[in-house]
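Written out below as structure tokens is the structure these notes cover.
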Amino acid sequence: MDALELLKSQHNEVERLFSDYEQLGPGQAERKKQIARQVITDLSVHAGIEEVAFYPTVREALPDTEQDIQEDLEEHERVKKTLSNIQGMEPTDPQFDSEFLQVISDVRHHVNEEENQLFPRVRQGMSDQELRDLGEAMQELKSRVPTNPHPHAPQEPPANVLLGPVAGMLDRVRDAVRQRIDKKTV
């Protein structure tokens with residue numbers, strides 16, 4: 001799978017979760033919490049592989065994409081801050097729905113711009129082999145990048161390349177502890 005196909009498949013999966021969330025009513029707090037946790041994980045991993053591999057590679061291959069990439073990184077930062085806020089809430093909190101709906105809106109905007117503006121330029125400017133190689137590298141990174149938002153962490157190399165795997169490992173420990181606690185409370 002090439003890099004653009006991988007990112008689009010992640011976009012589609014998150015959109016499916018957004019649609020599921022939008023169908024839920026006020027009495028479905030537990031399902032909202034499950035979806036929110038999955039979205040947080042999926043978007044954190046997605047942002048991680050974009051920031052560590054995709055954007056730096058595209059910048060190097062296509063310097064004229066710099067402005068688009070800077071805008072994308074700013075959008076990542078906004079979404080990470082909102083996701084971080086959501087992590088500290090319960091679905092019954094008054095701001096939970098509005099914060100989550102803001103994430104949905106921001107991510108849909110980001111995906112639309114990325115898929116309709118940046119991706120066509122990348123497809124045209126990079127070879128099929130380069131995109132396949134980048135896709136393989138991004139696939140391998142998925143198990144090492146953070147699974148939780150870190151809005152104040154560096155987004156660009158070299159700092160994110162050095163700190164990302166450490167944050168990813170700590171996130172996975174945190175996720176395992178959270179799952180264990182959740183199982184005991186059920």
Requested in this report: Would you check if there is a residue in the range 91-105 being at pLDDT below 95, of a type in the set (V, I, T) and part of a loop (DSSP other than H, G, I, E, B)?
Outcome: yes
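Test A36 against the criterion of being small (G, A, S) and touching a helix residue (DSSP H, G or I) at 6+ places or on another chain (Cβ under 7 Å), and give yes or no.
For A36, the condition - small (G, A, S) and touching a helix residue (DSSP H, G or I) at 6+ places or on another chain (Cβ under 7 Å) - is met.
When you go through G48, G125 one by one, which is the residue that is at pLDDT below 95 and out of contact with any strand residue (DSSP E or B) (no Cβ under 7 Å at 6 or more places or on another chain)?
G48
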Query raised in the report: Quick check: is even one residue across the range 85-92 within 24 Å of P120 (Cα to Cα) and either among the acidic types (D, E) or out of contact with any Asp or Glu (no Cβ under 8 Å at 6 or more places or on another chain) (or both)?
Result: no
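Inside the range 98-113, can you point out the residues that are among the charged types (D, E, K, R) and either farther than 22 Å from N12 by Cα or touching a Phe, Trp or Tyr at 6+ places or on another chain (Cβ under 9 Å) (or both)?
The one that is among the charged types (D, E, K, R) and either farther than 22 Å from N12 by Cα or touching a Phe, Trp or Tyr at 6+ places or on another chain (Cβ under 9 Å) (or both): R108.
Out of the range 95-144, which residues are over 23 Å from E74 (Cβ atoms) and of a type in the set (F, W, Y)?
Within the range 95-144, F96 is the sole residue that qualifies.
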Query raised in the report: Which ones in the range 50-80 are of a type in the set (A, V, I, L, M, F, W, C) and exposed (fewer than 14 other Cβ atoms within 10 Å of the Cβ)?
Result: none
Report task. Evaluate the range 104-116: report whether one residue or more is in contact (Cβ under 8 Å) with a residue 40 or more places away in the chain, over 19 Å from E5 (Cα atoms) and not basic (K, R). Result -> yes
Query raised in the report: Somewhere in the range 136-143, is a residue farther than 25 Å from L62 by Cα and modelled with pLDDT under 95?
Result: yes
Requested in this report: Select from the range 10-52 the residues that are of a type in the set (S, T, N, Q) and either under 18 Å from R78 (Cα atoms) or touching a Ser or Thr at 6+ places or on another chain (Cβ under 7 Å) (or both) and list them in ascending order.
Outcome: T41, S44
Query raised in the report: Pairs, please: C-beta under 8 Å, at least 6 apart or cross-chain, first residue part of a loop (DSSP other than H, G, I, E, B) and in the range 16-28, second not aliphatic (A, V, I, L, M)?
Result: L24/R31; L24/K32
Query raised in the report: Which is surrounded by 16 or more Cβ atoms within 10 Å (Cβ to Cβ), under 30 Å from R132 (Cβ atoms) and either touching a residue at least 40 places away in the same chain (Cβ under 8 Å) or not acidic (D, E) (or both), of L83, L43?
Result: L43
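The values are calculated or read from the model by the stated rules, or taken from the named source; none is laboratory data. These numbers come from a predicted model, not from an experiment. Cβ sites come from the backbone with ideal geometry, for glycine too, and all protein chains shown count toward neighbours.
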